[in-house]
Amino acid sequence: VQVVESGGGLVEPGGSLRLSCTASQNIFRGAGVGWYRRAPGKQRELVAGIIRGGDTKYSDSVKGRFLISRDNAGNMVDLQMNNLKPEDTAVYYCNQFPVPLRNIWGQGTQVTVSS
């Protein structure tokens, strides 16, 4: 099983990025999918999740700024991040939601928000 995250980069505060995630073997099809992040010196945390029916959940820190979406086939999940702040700097990962699978964490994609 392979999970691949992409779209990270360096952006100034207030800027935007769009992250994308794909997974092999259709492991996301029919399952909830979430974006998680790990900031330096902190534990990995949930950023946003979307379940099969389309309901979404966001952490309080990103609510109103980030938008999670998935394609109709359910294999690709995006995270649109707007009005980025320095505290959003982290490595971003995707995995199943609400319970991530331990053995499918990918390499993640680095997001750095700095002027």
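The values are calculated or read from the model by the stated rules, or taken from the named source; none is laboratory data. Quantities reported herein were computed from a predicted structural model and do not represent experimental measurements. Cβ placement follows ideal geometry from the backbone for every residue including glycine, while neighbour counts extend to all protein chains displayed. Just the protein is used for accessible areas: all its heavy atoms, side chains included, with ligands, DNA and RNA removed. Shrake-Rupley method; radii C 1.70, N 1.55, O 1.52, S 1.80 Å.
Once neighbouring chains are kept in place and the probe is 1.4 Å, which whole percent of the accessible area of the chain is contributed by carbon and sulfur? It is 47 percent, rounded to a whole number. For VAL99 and GLN25, the FRET efficiency from 1/(1 + (r/R0)^6), where r spans their Cβ atoms and R0 equals 22 Å, is about 0.75.
Database remark: amide H of VAL47 closer than 5 angstrom to the amide H of TRP35, TYR36, ARG37 (H placed geometrically; neighbours at sequence offset of 5 or more, or on other chains; Pro and chain starts carry no H). Pair-distance distribution P(r) for the range 52-109, from all Cα-Cα distances in 10 Å bins starting at 0: 17, 52, 29, 1 percent. For the range 72-80, 3J(HN,Hα) computed residue by residue from phi via the Karplus equation (6.51, -1.76, 1.60; θ = phi - 60°) reads 4, 6, x, 9, 10, 10, 10, 10, 8 Hz, glycine and proline entered as x. Excluding ligands, DNA and RNA, the accessible surface per residue across the chain is 54 Å² with a 1.4 Å probe.
Summing +1 for each Lys or Arg and -1 for each Asp or Glu among the other residues whose beta-carbon sits under 13 angstrom from that of VAL1 gives +2. When only alpha carbons are used to place a centre, the range 18-51 and the range 82-115 end up 7 Å from one another. Residues whose amide H lies under 5 Å from that of GLY108, counting only those 5 or more places away or on a different chain, are GLU5; hydrogens are built 1.01 Å from N in the peptide plane. In sequence order, the range 91-101 has phi-based couplings of 8, 9, 10, 10, 6, 5, 9, x, 10, x, 8 Hz under the Karplus curve 6.51 cos²θ - 1.76 cosθ + 1.60, θ = phi - 60°, and Gly or Pro positions carry x.
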